[in-house]
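To start, the structure itself, in structure tokens.
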Amino acid sequence: MSTAPLDLAQRFGTPLYVYDLALVRRQARALRAALPYEPLQLLYAIKANPCPAVVKVLIDEGFGIDAVSPGEVAMALRCGCPAERVLYTENNATDDDLQAALEVGVLVTCGSLDRLRRLGELGGREAAVRINPDVGAAEHAHTLTAGPLTKFGIHHSQTAAIASIEADTGIRVIGAHMHIGSNVLEADKFVAAMEVILGVAKELKHLRFIDFGGGLGVPYREDQAALDLSTLGAQAESLMRSFCAGYGRKLELRLEPGRFLVAESGQLLTSVAAVKTNPDGRCFVGTDTGFNHLIRPCMYGSYHPIANLSSTAAPKVVDVVGNVCESGDVFARDRAIAEPKLGDVLAIGFAGAYGMSMASTYNLRPLPAEVVVDGDTVAVARQRKTTDDLIAQWEW
Ligand SMILES: Cc1ncc(COP(=O)(O)O)c(C=O)c1O
């Protein structure tokens, strides 16, 4: 059975997400190989792509799961991740959310002193804390998760209160955590934040692990340099080694990337539905998908490579746009691709992270189907929904 994207588009229709599990494994192994520090526990930030086939590959590779909601916790457990390898990095969790985590026995990383105290009052005996190191990095302000404007984490200057919460409620903080932003391609940005976290960690008496978060970037643009993983791994090792020597015992190192593991594995296949050239020469190539299925270009101004799988024609500079009723529904402006004709299949690359997981049914367009390719096998991971399915969601 052919696994060629063009054949998959013909067989399953478009718009279609396709994930190549071999690329997920490749990324998982590259990351592990770059991290010499032991003990090491890698987690996968499941928000990037919760497709069970993808998640199971990473669990089989030894990853735990970083989750941000009770739904993600449930998905992690359903995919077979043991509860002790699931970390619930809460954000403004309700008491019910915390209670649900306690019931299934997953550790919660508290992002505020308030939630830490509440978890202790609800009977939580162990927790981790997310620290805002005030040093952040990201491709866009919306994905910057450290610094003065972020809602995430306990400011690093306010961590003295943790000890009194421990004393008052009996909870023990066993993990110090940070996550500074997403799609970071410079190792030194992580290192600056790691130093702040380790400065705070010295004062926490019951630690078993340090979690340096996710955010590891990938080169979406053809001319971008990849993150220097070996430098990052060596720096993390040396910081952890000297920290643990001073702390008096060896702590586990954790990282929890999402994008790095799955971005490249995914493509969004879409068909050209209309082609239009304005009097000024601007050519709009309209597709059968939109920001409802891949919001990153619209929301973050993100670049995704786009190829015309159906054509070897000479490149033409076009705007690739979606079918959503918004002017911001643009995948690429002034992009040179083999001249698209009606019905051609375009592949929007590096769409495996924060693609389908952020998709919506805006404009009452059904979600795309998802298929996974593993070597020469192809499996449907999620069936395409229909307009009838959408309408049936309401009470009639
Ligand atoms: C707490 C936490 N950990 C990990 C991640 C994963 O980030 P990335 O996909 O950039 O690696 C995120 C993303 O938002 C996050 O909020």
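Descriptive notes on the structure:
- The residues of region 161-177 that are among the β-branched types (Val, Ile, Thr) and either closer than 11 Å to Arg118 by Cα or touching a Phe, Trp or Tyr at 6+ places or on another chain (Cβ under 8 Å) (or both), listed by number, are Ile165, Thr169, Ile171, Ile174.
- Tyr220 passes every criterion in (1) out of contact with any Cys (no Cβ under 8 Å at 6 or more places or on another chain); (2) closer than 30 Å to Glu103 by Cβ; (3) crowded, with 19+ Cβ neighbours inside 10 Å apart from (2).
- Summed over region 177-190, residues that are under 19 Å from Val129 (Cα atoms) and in a helix (DSSP H, G or I) total 1.
- Of residues in region 101-157 being more than 28 Å from Val218 (Cα to Cα) and among the polar types (S, T, N, Q), the one nearest to the ligand (Cβ to nearest atom): Ser112
- Some residue of region 327-341 being on the phi < 0 side of the Ramachandran plot, within 26 Å of the chain's Cα centre (by Cα) and polar (S, T, N, Q): no
- Test: Arg241 is farther than 24 Å from Ala353 by Cα, surrounded by fewer than 23 Cβ atoms within 10 Å (Cβ to Cβ), in the same structural domain as Val196 (by TED's automatic domain parsing) and away from the ligand (no atom under 16 Å from the Cβ): yes
- Residue selection: Leu40 satisfies the criterion of being assigned by TED's automatic domain parsing to the domain that holds Leu216 and in contact (Cβ under 8 Å) with a residue 40 or more places away in the chain.
- Applying the criterion of being in contact with a strand residue (DSSP E or B) (Cβ under 8 Å, 6 or more places away or on another chain) and in a helix (DSSP H, G or I) to the residues of region 18-46, the residue that is farthest from the ligand (Cβ to nearest atom) is Ala22.
- Pairs with Cβ under 7 Å, 6+ apart, first in region 217-243 and within 20 Å of Ala307 (Cα to Cα) and without any contact (Cβ under 8 Å) to a residue 40 or more places away in the chain, second away from the ligand (no atom under 16 Å from the Cβ) and aliphatic (A, V, I, L, M): Pro219/Ala225
- Hey, Gly170 under 22 Å from Gly258 (Cα atoms), in contact with a helix residue (DSSP H, G or I) (Cβ under 7 Å, 6 or more places away or on another chain), in the same structural domain as Gly258 (by TED's automatic domain parsing) and among the small types (Gly, Ala, Ser) or not: no
- Output for region 158-185, where each listed residue is more than 18 Å from the chain's Cα centre (by Cα) and within 16 Å of the ligand (Cβ to nearest atom): Gly175, Ala176
- Filter result (touching a residue at least 24 places away in the same chain (Cβ under 8 Å), more than 20 Å from the chain's Cα centre (by Cα) and under 22 Å from Gly290 (Cβ atoms)) within region 363-384: Asn363, Leu364, Arg365, Pro366, Arg384
- The set of residues in region 278-294 being out of contact with any strand residue (DSSP E or B) (no Cβ under 8 Å at 6 or more places or on another chain) and among the polar types (S, T, N, Q) consists of Asn292 alone.
- Residue check for Thr94: at pLDDT 95 or above, surrounded by fewer than 17 Cβ atoms within 10 Å (Cβ to Cβ) and of a type in the set (Val, Ile, Thr): yes
- The residue that is farthest from the ligand (Cβ to nearest atom), counting only those in region 48-62 that are in a loop (DSSP other than H, G, I, E, B) and free of Cβ contacts under 8 Å to residues at least 60 places away in the same chain, is Gly62.
- Verdict on Glu203 being surrounded by fewer than 22 Cβ atoms within 10 Å (Cβ to Cβ), assigned to a loop (DSSP other than H, G, I, E, B), within 11 Å of the ligand (Cβ to nearest atom) and of a type outside the set (S, T, N, Q): no
- Options Ser357, Ser327, Ser310; residue that is touching a helix residue (DSSP H, G or I) at 6+ places or on another chain (Cβ under 7 Å), of a type outside the set (A, V, I, L, M, F, W, C) and under 26 Å from Lys276 (Cβ atoms): Ser310
- Positions within region 208-226 being in a loop (DSSP other than H, G, I, E, B) and within 12 Å of the ligand (Cβ to nearest atom), in sequence order: Phe212, Gly213, Gly214, Gly215, Gly217, Val218
The values are calculated or read from the model by the stated rules, or taken from the named source; none is laboratory data. Keep in mind it's a predicted model, so treat the numbers as computed, not measured. Positions of Cβ are backbone-derived with ideal geometry, glycine not excepted, and every protein chain shown enters the neighbour counts.
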